[in-house]
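**Student:** Here you go, one structure.
Only the coordinates and a few stated rules stand behind these numbers; no lab work does. What you see is a predicted model, and the numbers here were worked out from it, not measured in a lab. Glycine gets a Cβ as well: all are built from the backbone with ideal geometry, and neighbour counts include every protein chain shown.
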C-alpha cells in the first residue's frame, strides 16, 4: 500500500480516521500513565462520558435533520425538577415517568415551533434555553432535591448489572436505539433526506413536520434521561445542572462527523468522538492538569480536529 | 449605486404597495414598526402600573442595564450580517480586562514596582488597561476570523472553542480570584453620568451611530451586506471575502472588549465566572432587532430598538417585583413569539 493510497483510505473513511485518533490518543495515554489500561479506568471513562454521550446522541439526530437544539442543558434541569416534585410518594416509577414525559414535552414544543411556526431552530431552542431553565427554577423554588431514598432512581446512576454500571447500560441502550433508528428503520433515511434538502424531501413525500417533531422529542427524551443519570450519580437533583452541556454535546456530535448544515452524522462517529473526549479528560486527570487548563486544551483540540475534519471533507 | 445595493440599504422599496387590501397593508406596516409599537405599549403599561417607571432614577438604571448587552449585540450584528456567528463574546468581554490587568502586573513586576495592592486591588494605569483590553479584543476577533476563513472551521465551532478556551484562560490568569479595579479613572467610567445618562450608554450610542453610518453609507456596509446576501456572487464580483469576514470578527472582538471595560468598570472588579450566558442574550437582542441569522440583514438602529424593548420589559418585571427567573422566562417567550410573528408576517408578504 503506497502512502497516497493509505492517505486516500484514511481520508475517505471518517469513522476510520476517528478511530485512529482514538487509538493514537489511547496509546499516548498508556505511555503517560501506567493505570490507563485497566478495566476500572475504562469503566470510569465511559461512565464519565455517559451523560454527555446520551445528550450527544439526541443532538446527532437533530443535526442530521438540519436543525440544532441549544435547550438540552435546560431541558435536563427542567425535566428533573418536574420529576422531583413527585418524589414525596417514595416510588421511583412515577418520578422517572414524569421526568421523561417533561423532557419529551419540551422537545415537542421545540419541534412545533420549528416545524409549524417556522421559527429557526437556533432561535427557538435559544428561547427554550432561557424558558426551560427558569421554569425548572420556578417548579423547584431553586432548591435541590435529594433522591437517595428512591432505590430505583438511584440504580440508574450508581447501580450495576452483571458487573457493568447501569449508567453505561443506559448509554448503550440509547446508542443501540439511535443506530437502529438511523440505519434500519424507515425514519433514518427520512432524517437524512430532510436534513440534506428539505424541499426535495417534502416533494418526494416525506413529512418534514413529522421528522422535525420526532428529532426534537427524541432530543428532549435523551436530555431527560441524561439528567436522571447525572442526578442519580450525584445523589442530588439540581435546578442549575447541565449549564453549557448543549455546546459540549454539539462539539461531540460535530467532531463525530455531524454537520451544522444538516444531512450528515452517524451514531458510531458520535460515539467515537465521545470516547475521544472521555479519554482526553481522563488523561488530563491522570496527569493532574487542573480543570481550567483542561478547558483550554480541549478548545485547542476541538479547533485542530475541526480543521483536520475540514481538510478531509475537501479531500473527498 | 445599483438598485441591488439600494434593496439592501432600503428594505422598504421592495414592497409592492399596489393592489393590496387594507388588511395586508396594515400588517406590512405593523411588520416594519412592531418594535416601536411594542416599546410604546410597554411604556404605557409601565407608567400606569408603577409609580417609579417614569422617574429619572429608573431611566438611568434602564439605560445602564441596557448598554453592555447592547454593545455585544451591536458587535455580533457585524458577524451575523456576513452570515457567521460569534459565541465567544461573553468570554472575550472578561478576557480583555483580565489580560490588561495581567500584562500591566507583569510589566510592573519587571520594573520592580507593584500595581496589585491589598490582596488583589489593581492600582495601575487605567489608560493602559483600556488600550491593552481593546487590542486583546481585536486580536481574539482576528484569531476567530483566521480560524473561520483560513482554517475553514465552521464559525459556530470555532467561536464555541474560543469561548471555552478563553473561559479556561480567564480562570487560569486570575487564579480563580477577583481583581478589584478601583483606580479612580476606572471607577469614574463606571459611575459617571450626564443629565441622568450614564457614560456606558453614551459610548453605546456613539458606537451605534458610527456603526450605522459605516454600514449604510460606506464601503464597509456594501461589502458586508453583499457577502451576507450571497457570498459566492460577492466573491465572483471581486469582493475580498476573507478580508471582510475577518474584519467583521475583529469589530466584534473590539466591541466585546469595550463592553467588558464598561461592564467591569461598573462592577469595579473582574472575575472569571462573570458574564456567563451573555453571548446568547446578545444574539437574542440582535435577532429580535431583525438581524437575520442567514446573513445580509440588520441595522444598528433596529438592534437598538430590540435591546430597548427587551430591557424595558425586564425593567417593568423588576418593578412589579418579579425576580430573574420570571425575567428569563419572559425573555425566552418573547424571543420565540417575536420571531414566530416575524416569520408569519414575512410569509404573508412574500405570498
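**Student:** Connecting C-alpha atoms closer than 10 Å in a GNM of chain B, tell me which of B:303, B:43, B:101 has the biggest fluctuation.
**Tutor:** With Cα springs under 10 Å in chain B, the top fluctuation among B:303, B:43, B:101 is at B:43.
**Student:** Okay, next question. Using square roots of five times the C-alpha gyration tensor eigenvalues, list the equivalent-ellipsoid semi-axes of the protein assembly as shown in whole Å, biggest first. Show your work: numbers first, answer last.
**Tutor:** Values: eigenvalues 286, 198, 162 Å².
Computed over the protein assembly as shown, the values are 38, 31, 28 Å.
**Student:** In peptide B:278-290, what is the residue-averaged number of other protein chain Cβ atoms found within 10 Å of each Cβ? Write down the numbers at each step before the final one.
**Tutor:** On the way: counts 0, 0, 5, 2, 0, 3, 5, 0, 0, 5, 1, 0, 0.
Per-residue shielding by partner chains comes out at 2.
**Student:** Calculate the length of the line joining the C-alpha centroid of segment A:198-224 to that of segment B:121-137, in whole Å.
**Tutor:** Rounded to whole Å, the Cα centres lie 50 Å apart.
**Student:** For peptide B:183-196, what's the mean number of Cβ atoms from other chains within 10 Å of each residue's Cβ? Working shown, then result.
**Tutor:** Working: counts 0, 0, 0, 0, 0, 0, 0, 0, 0, 0, 0, 0, 0, 0.
Neighbouring Cβ atoms belonging to other protein chains average 0 per residue here.
**Student:** Which angle from 0 to 90°, rounded to the nearest 10, does the C-alpha axis of helix B:278-288 make with the longest principal axis of chain B?
**Tutor:** Orientation of helix B:278-288: about 20 degrees from the principal axis.
**Student:** Which order do A:276, B:341, B:261 fall in if you start with the one that has the fewest other Cβ atoms within 10 Å?
**Tutor:** Numbers: A:276 23, B:341 15, B:261 29.
Fewest to most other Cβ atoms nearby, the residues stand as B:341, A:276, B:261.
**Student:** Which order do B:231, B:193, A:67 fall in if you start with the one that has the fewest other Cβ atoms within 10 Å?
**Tutor:** Values: B:231 17, B:193 14, A:67 27.
With the sparsest Cβ surroundings first, the list reads B:193, B:231, A:67.
**Student:** Still on this structure: Using the eigenvalues of the Cα gyration tensor, what equivalent ellipsoid semi-axes result for segment B:47-108 when each is taken as the square root of five times the eigenvalue, whole Å, largest first?
**Tutor:** Numbers: eigenvalues 216, 92, 10 Å².
After diagonalising the Cα gyration tensor, the semi-axes are 33, 21, 7 Å.
**Student:** Name the residues of segment A:222-237 whose amide N is less than 13 Å from a point 7 angstrom out from the Cα of residue A:285 along the C-beta direction?
**Tutor:** A:234
**Student:** With both partners inside segment B:26-350, how many of the DSSP beta bridges are antiparallel, as a percent to the nearest 5?
**Tutor:** 75 percent
**Student:** A further question on this structure: Just to be sure I understand the curve: with the Debye formula and one point per C-alpha of segment A:49-266, what is log10 I(q)/I(0) at q = 0.14 Å⁻¹?
**Tutor:** Reported log10 I(q)/I(0), two decimals: -0.77.
**Student:** Which one, A:55, A:289, A:64, has the greatest fluctuation when you compute a Gaussian network model over chain A with C-alpha springs under 10 angstrom?
**Tutor:** It is A:289.
**Student:** Enter the mean number of other protein chain beta carbons within 10 Å of the beta carbon of each residue in A:191-200, as an integer. Mind showing how you got there, number by number?
**Tutor:** Values: counts 0, 0, 0, 0, 0, 0, 0, 0, 0, 0.
For this peptide, the per-residue mean of nearby foreign Cβ atoms is 0.
**Student:** Compute the angle between helix B:56-81 and the longest alpha-carbon principal axis of chain B, please, reported from 0 to 90 degrees and rounded to the nearest 10.
**Tutor:** Roughly 80 degrees between the two axes.
**Student:** Continuing with this model, one more query. Do me a favour and compute the ellipsoid semi-axes for segment A:75-146 from its Cα gyration tensor, root of five times each eigenvalue, largest one first, whole Å.
**Tutor:** Details: eigenvalues 134, 37, 8 Å².
Sorted largest first and rounded, they come to 26, 14, 6 Å.
**Student:** Summing -39500 (n - 2.57) over the DSSP H runs of n ≥ 4 in chain A and dividing by its residue number, what mean residue ellipticity at 222 nm do you reach, to the nearest 500 deg cm²/dmol? Let's see the in-between values first.
**Tutor:** Numbers: 14 runs with 234 residues, N = 316.
Rounded to the nearest 500, the figure is -25000 deg cm²/dmol.
**Student:** Going by average Cβ neighbours within 10 Å, how do the peptides B:60-72, A:36-48 rank, with the highest at the top?
**Tutor:** Values: B:60-72: 23.5, A:36-48: 15.5.
Those peptides, ordered most packed to least, come out B:60-72, A:36-48.
**Student:** Please work out the C-alpha center-to-center distance from segment B:69-107 to segment A:286-313 and express it in whole Å.
**Tutor:** 21 Å
**Student:** Relative to the longest principal Cα axis of chain B, at what angle does helix B:219-229 sit, 0 to 90 degrees, rounded to 10?
**Tutor:** Helix B:219-229 sits at roughly 70 degrees to that axis.
**Student:** With N denoting the number of residues in segment B:26-350, provide Rg(C-alpha) divided by 2.2 N^0.38 Å, to two decimal places.
**Tutor:** Values: Rg = 20.3 Å, N = 325, 2.2 N^0.38 = 19.8 Å.
This ratio for segment B:26-350 stands at 1.02.
**Student:** Then there is this: Please figure out what share of the DSSP beta bridges in the protein assembly as shown is antiparallel and state it in percent, rounded to the nearest 5. Provide the component values of the computation, followed by the final result.
**Tutor:** On the way: 9 of 11 bridges.
Of all bridge pairs located within the protein assembly as shown, approximately 80 percent are antiparallel.
**Student:** Continuing with the same structure: If you count, for each residue, the other Cβ atoms within 10 Å and average over each peptide, how do B:73-79, B:217-223 line up from highest to lowest? All intermediate terms of the calculation are to be shown ahead of the outcome.
**Tutor:** Values: B:73-79: 31.0, B:217-223: 15.4.
The most tightly packed comes first, giving B:73-79, B:217-223.
**Student:** Another one. Taking the inverse of the average 1/r across all pairs of different Cα atoms in segment B:215-351, what Kirkwood radius in Å do you get?
**Tutor:** Hydrodynamic radius (Kirkwood, Cα only) of segment B:215-351 equals 17.4 Å.
**Student:** Oh, and also: Based only on other Cβ atoms within 10 Å, what is the fewest-to-most ordering of B:208, A:121? Mind dumping the intermediate values first?
**Tutor:** Details: B:208 21, A:121 25.
Listed from fewest to most nearby Cβ atoms, that is B:208, A:121.
**Student:** How many angstrom lie between the Cα centre of segment A:19-82 and the Cα centre of segment A:238-262?
**Tutor:** Taking the Cα centre of segment A:238-262 as reference, the centre of segment A:19-82 is 10 Å away.
**Student:** What is the projected area of the convex hull of the Cα atoms of segment A:8-98, averaged over all directions, in nm²? Present the calculation step by step, with values, prior to reporting the outcome.
**Tutor:** Details: hull surface 38.6 nm².
Computed as one quarter of the Cα hull surface, the answer is 9.7 nm².
**Student:** Using just the helices of chain B, give the 222 nm mean residue ellipticity in deg cm²/dmol: DSSP H runs with n ≥ 4 each add -39,500 (n - 2.57), and the total is spread over all residues, rounded to 500. Show your work: numbers first, answer last.
**Tutor:** Details: 14 runs with 256 residues, N = 351.
Calculated at 222 nm, the ellipticity per residue is -25000 deg cm²/dmol.
**Student:** Taking every pair of Cα atoms in segment A:190-316, average 1/r, invert it to obtain the Kirkwood radius, and report Rg/Rh to two decimals. Spell out each step's value before the answer.
**Tutor:** Working: Rg = 17.6 Å, Rh = 17.0 Å.
Checking Rg against Rh, the ratio lands at 1.04.
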